[in-house]
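None of the figures in this text is laboratory data; all of them are computed from the coordinates on show. All figures in this text were calculated on a predicted structure; none of them were measured in a lab. Note that each Cβ is placed from the backbone with ideal geometry, even for glycine, and that neighbours are counted across all protein chains shown.
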């Protein structure tokens, strides 16, 4: 039977960060990924300032920063009136070491880290391996990993479930995933069309409010991402069709949009859910396995990375310094669940309500509120610290 100290299921950004941080601290880790390589997932593309500082601490920022676009400014736009409300993170550079959002596809980070893990003396990376069974006792866990030709049993001190929204590990543990699913779907289209030519002074990050059909326009180095809501009753086939693409692009870019090509057409459901607990003995949940929220604000992936590094701190004290595990792991659960339930869930729901504003009157009132925030120095500063995730980490530190 193979032996390691920590097994991690899932090589997305959360799992890879956890694996790399543990290995860098001299802790033996095995990272198992069910796919043949790191999935090229287009959903997450924003790294917030506190996350950039964490990546710097791990020696990763210098490698990932050139692969993205620095976005200190983000905009809220009214699609009908054309009004622009602009927020600039450099205003809070006194507390943010990196006062910008880095626009970079999440898979670039995952693949960068996996390349380093493959050469790391404290890490083992297994593609085409998924956790199909586990058992735990007071002395450790045993995990069965299904590979292409055989099943490998691995004994470890701890198992980290970073296996995504449909986490089998969470389901096997019987941990409820409390919350709700939004009634509409989300459609993401990507294009090389220079859409900045169709909007005045367009930023890299733009939330475009409209009572009829809102959208989000996000720039990553290679293309633009366009996110729009879709009716629950619309079939995925229709939403990926040329007919739907023409309706979206024609509405945004006029006749030119009808000729534009797309690189991706992705349909997904959006959830607001938090696991009942992030800990079951020696098994810990992180990232999408532990919580889901809508993407407006770009908080999901960042929260997963924050989970991972909070947990790594606890496991380092346990495995390297012989600290008592129960108080530390219970604190991980308290800290990260509180951040998700009391901060991130509420914030992302507010973001969605503001941008969609179901009636013109609701949209007008929401815009007046945002204008008041923008015009008030103290309110604007607090808003920037909140949206940048600085406040959520301050909240985490305050929880005993």
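Our note on the geometry: Cα centres of the range 157-222 and the range 274-316, 17 Å apart.
Helix-derived [θ] at 222 nm for the chain: sum -39500 (n - 2.57) over DSSP H runs of at least 4, divide by residue count, nearest 500?
Working: 14 runs with 148 residues, N = 400.
Helix contribution divided over all residues of the chain: -11000 deg cm²/dmol.
Packing order of peptides 191-201, 150-160, highest average first: 150-160, 191-201 (average count of other Cβ atoms within 10 Å over each peptide's residues).
What Kirkwood hydrodynamic radius do you get for the chain when you take the inverse of the mean 1/r over all pairs of distinct Cα atoms, in Å?
Numbers: mean 1/r = 0.0455 Å⁻¹.
Hydrodynamic radius (Kirkwood, Cα pairs) of the chain is 22.0 Å.
With the highest mean first, a sort of the peptides 62-69, 229-236 on other beta-carbon atoms found within 10 angstrom per residue produces 62-69, 229-236. Nearest 10 degrees is fine. How inclined is helix 377-387 to the longest principal axis of the chain, computing both from alpha carbons? The angle comes out at about 50 degrees. Once the chain from residue 149 to residue 394 is taken as fully extended at 0.36 nm per residue, the excess over their C-alpha distance is 83.5 nm.
Starting with the fewest neighbours, write out 340, 85 ranked by other beta-carbon atoms found within 10 Å of each beta-carbon.
On the way: 340 26, 85 17.
Final ranking by Cβ density, sparse to dense: 85, 340.
Percent of Cα-Cα pairs more than 22 Å apart in the range 1-129, please. The calculated P(r) of the range 1-129 puts 45 percent of pairs beyond 22 Å. Each label was represented as a point 7 Å from its Cα along the Cα-to-Cβ direction; for residue 276 and residue 326 these points are 2.1 nm apart. Axis of helix 300-321 versus longest Cα principal axis of the chain: the two differ by about 20°, to the nearest ten degrees. Going by neighbour counts of Cβ atoms within 10 Å, the residues 38, 114 line up, fewest first, as 114, 38. Specify the angular offset, from 0 to 90 degrees and rounded to the nearest 10, of the alpha carbon long axis of helix 325-339 from the longest principal axis of the alpha carbons in the chain. Between helix and principal axis, roughly 10 degrees.
Once the Cα gyration tensor of the range 225-365 is found, what semi-axes does its equivalent ellipsoid get, as square roots of 5 times the eigenvalues, in whole Å, sorted largest first?
So the equivalent ellipsoid measures 41, 18, 12 Å along its semi-axes.
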